[in-house]
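Input: a single structure, listed below in structure tokens.
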Amino acid sequence: MTVALDMDVPADVTRTRRSTTERRMMWRAFLFVAPACLLLAAIYIIPILVLAVFSVTDYQLGALSTRFIGFDNFTHAFSDAVFLRSLKNTVIYAVIVIPLGVFLALGVALLVYNRKRSRAFWEAAYFLPVTATLVAMATVWQFLLHPSIGPVNAAIKWFGFEPVSFLSNPVLLIPTMAMIGVWQVLGFNMVLFLAGLTAIPKDLYEAARLDGAKSPIDRFLTVTWPMLGPTTLFVVVTTSISAFKVFETVAVLTKGRFGSETLLFDLYLEGFEYSNTGYAAALTLIFLVIILILSIGQTVHLDRKVHY
Amino acid sequence: MTPQSLDLTGIGKGFGADDVLKTIDLSVRPGEFLSLVGMSGCGKSTLLRIIAGLERPDRGQVSIGGTDVTETDPSDRNLAMVFQSYALYPHMSVRQNIATPLRMRRLSLGARMPLIGRMMSSANALQEIEASVMQAAETLQIAHLLDRKPAQLSGGQRQRVALARALVRSPAAFLMDEPLSNLDAKLRAHMRDELAALHRRLGATFIYVTHDQVEAMTMSDRIALMSEGRIEQLGTPDELYGQPATLTVARFIGTPSINLLPVEIGAEGVVRLFGQDLPIAAPVRHAGPATLGLRAEDLTITSEGLPLRVFRTEMHGADRFVHGHLLADETQHLTLRLSAGEQLAADADGIIHISFAAGRAHLFGADEARIATSLTERAAA
């Protein structure tokens, strides 16, 4: 027993000594992460909390008093015809933009990748829309799609069809804006896919050819598509987010007329045009939740498939 | 499939202005283990890629089993290749990796599609593929790894998977591009044995590219030693070691490297080393400067002979390498191989005397080609 006790003493001493060192290391670690944490709090977390507080009030911008109204803003939102329409429009927009924006970009990337001399030209050509401001470009699109003076309708008429009023026919509005959205994201996604393609080792293609993958479809399915998995995941997530954030095209082309509001546009109307700050805050929270669910869901679901 | 012969006639290939391959003629016999060996940049990998169909020759013809395949797509040549990087599909399990060559050949395009593939492929074909995969995996002792992904395997295991993927479909020939160079020394020696054993068991045609002469010497039936886009010598390992056709071959084959000494062939055909007549005669037409090649094991320590100042000895277990400079010309470095027990018997200045059996000497002319020699009368005396 005495022996055991004697042994315990130095063990205890080392333990306390170690715990002081550990504590000091921990403080040091906190010091190092503090700037990042403070920034995160200042830029993201506190604004979201403020937003959450606003969302349960009926605060109007400039009002002197405000009232706590619980979840009334949220229940109101889901019976608000404009909000529901904007939600539907945004979903339709996303359903068109995400697959087309991803798969067209992949197709273009595959075509551009195999060009040797003209590759730089095609890359620049497809990337230009990304660098252009969408507000300015939307005006150009407005001209292009104009029913009487636009070249697109001139072409349609030349083929002998009736001119199409892309920007006033309520059925065509969202799809038209979705096409502009696809045009906008295509170049960026293409560049991402090109980077992904460059990273695929050449000898995988050679191995596939010797393994009997004669047709390009086989090589695509055996090597390209699976190897692009991580890139595709990233492209899908970023495209979805930018699709749900559609705003400029609506603001410039239709200003929400003919029932063409989207989520962000409705939010903008409520928050800045009608000064319903509390309601707009509630809508923003809903929007945030949708984006979060989408990106987390996609990442978790797809990550299992693309990881190797 | 029975092993196939492989013939290259007049193969040439250039990249830009450089001629990487200059008119290569090579016949690989069915079931032969042939190594293409040479320094990096000698064109051996390009030649292998031309055989595989991954590279088009500028001129010449490739035929497999007597059929011209120069214009045939790699997928239709029925060759299997093991890459230096192994080129395993990282997203597939080991099982799927090995099955890929069979799926490509035995299943229809529809059956190979994702999602709908399962419905369109017959259970029979899938079972056959599974059985072949199992067999290949057992041959290479990787059956327990079938459900792993390549990232979860060690280098040696990946190597085995790459081999299994190659042999799962009994191809006309196996092409191997430095398959052992990414392994550590011990594993490499082990895989050398296994590859040789695999070749014996399969009886298939192997074409093996390596820059490591030891790999080539230990495994091959024949070696084609390449240099600057040409085949310097084609022969058995014994021939390349014992009768090197050119100085390049002599330099490349053998550890330690062959000892080379400048000699003079006199007008009467006598070979002179530092002014001394050697008991060797060469044809008179080669008169002029030449190079004498002596293998380290052909040098012996004698009481008289060329004096050599020893500056280092290297212990290799059974052998000991002795390095020294010739007293006659301090720039000349010679290496002797002694068995470990042998006495070095150097004097106080570290000087030993060496001689060699004239019959074991190799003589190369100014054009670097081997010169046939004969022993002169004096040697017999």
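The values are calculated or read from the model by the stated rules, or taken from the named source; none is laboratory data. This structure is a prediction, so every number in the text was calculated from the model and none was measured. Here the Cβ is made from the backbone with ideal geometry for all residues, glycine too, and neighbour counts use every protein chain on show. When the accessible area is computed, the model is the full protein with side chains, heavy atoms only, and any ligands, DNA or RNA have been set aside. Shrake-Rupley method; radii C 1.70, N 1.55, O 1.52, S 1.80 Å.
Brief remarks on what is shown
- Within the range B:20-149: Cβ-based charge dipole about Cα centre, in debye rounded to nearest 20 (Lys, Arg +1; Asp, Glu -1): 320
- Across the range A:87-209, counting alpha-carbon atoms alone, Rg and Dmax equal 17.7, 56 Å.
- Accessible area per residue for the range A:80-306, computed on protein heavy atoms with a 1.4 Å probe, is 48 Å².
- Listed residues B:GLN141, B:GLN276, B:GLN233, most fluctuating in chain B (Gaussian network, C-alpha, under 10 Å): B:GLN276
- Under 14 Å, Cβ to Cβ, from B:ILE258 - net charge with Lys/Arg +1 and Asp/Glu -1: +2
- In order along the range B:311-327, the phi-based Karplus estimate (6.51 cos²θ - 1.76 cosθ + 1.60, θ = phi - 60°) of 3J(HN,Hα) comes to 10, 6, 10, 10, 8, 10, x, 6, 10, 10, 9, 10, 9, x, 10, 6, 5 Hz; Gly and Pro are listed as x.
- Restricting the calculation to alpha carbons of the range B:11-121 gives Rg and Dmax of 17.4, 53 angstrom.
- Treating each Cα of the range B:180-244 as one equal point scatterer and applying the Debye formula with no solvent, the log10 of I(q)/I(0) at q = 0.13, 0.19, 0.24 Å⁻¹ comes out as -0.38, -0.79, -1.11.
- The protein assembly as shown, helix-only ellipticity at 222 nm - DSSP H runs n ≥ 4, -39,500 (n - 2.57), divided by all residues, nearest 500: -14500 deg cm²/dmol
- Net dipole in debye of the protein assembly as shown [+1 Lys, Arg Cβ; -1 Asp, Glu Cβ; about Cα centre; nearest 20]: 2020
- Ordering A:SER118, B:LEU202, B:TYR86 by the projection of their Cα atoms onto the charge dipole of the protein assembly as shown, which places +1 on the Cβ of Lys and Arg and -1 on the Cβ of Asp and Glu, puts A:SER118 at the extreme positive end.
- Between the range A:174-219 and the range B:154-206, the Cα center-to-center distance that results, in Å: 33
- For chain A, built as a Gaussian network whose Cα springs stay under 10 Å, the top-fluctuating residue of A:PHE272, A:PHE220, A:PHE159: A:PHE159
- Charge context of B:ALA245, other residues only, Cβ under 10 angstrom, K/R +1, D/E -1: -2
- Which of A:HIS301, B:ALA281, B:GLY365, positive extreme of dipole for the protein assembly as shown (C-beta unit charges): A:HIS301
- With every protein chain in place, the range B:6-247: carbon and sulfur % of accessible area (1.4 Å): 49
- Counting only Cα atoms, the size of the range B:198-351 along its three principal axes is 57, 44, 24 Å, in decreasing order.
- Its residues counted as N, the protein assembly as shown yields a C-alpha radius of gyration over 2.2 N^0.38 Å of 1.44.
- For the range B:6-247, the normalised intensity computed at q = 0.09, 0.12, 0.15, 0.18 Å⁻¹ comes to -0.41, -0.71, -1.06, -1.39 (log10 of I(q)/I(0), Debye sum over alpha carbons, equal scatterers, no solvent).
- Dipole of the protein assembly as shown, positive direction: furthest Cα of B:PRO3, B:VAL310, A:ASN73, with charges on the beta-carbon: A:ASN73
- Within chain B, percent of DSSP bridges classed antiparallel, to nearest 5: 75
- Accessible surface buried at the A:B interface totals approximately 2100 Å², computed with a 1.4 Å probe on protein heavy atoms.
- Taking other residues whose beta carbon is less than 15 angstrom from the beta carbon of B:PHE321, and scoring Lys, Arg as +1 and Asp, Glu as -1, yields -1.
- Take each residue of peptide B:83-91, count the partner chain Cβ atoms within 10 Å of its Cβ, and average: the result is 6.
- Value of D in µm² per second that Stokes-Einstein yields for the range B:126-197, Kirkwood Rh from Cα pairs, at 25 °C (0.890 mPa s): 189
- Shape call, the range A:23-106: gyration tensor on alpha carbons, a/c limit 1.5: oblate
- Per-residue SASA remark: A:LYS245, around 100 Å² accessible (1.4 Å probe; ligands, DNA and RNA not included).
- Per-residue mean of C-beta atoms belonging to partner chains within 10 Å, peptide A:212-218: 6
- Ratio Rg/Rh [Cα only; Rh per Kirkwood] for chain A: 1.15
- For chain B, built as a Gaussian network whose Cα springs stay under 10 Å, the top-fluctuating residue of B:LEU48, B:LEU109, B:LEU294: B:LEU109
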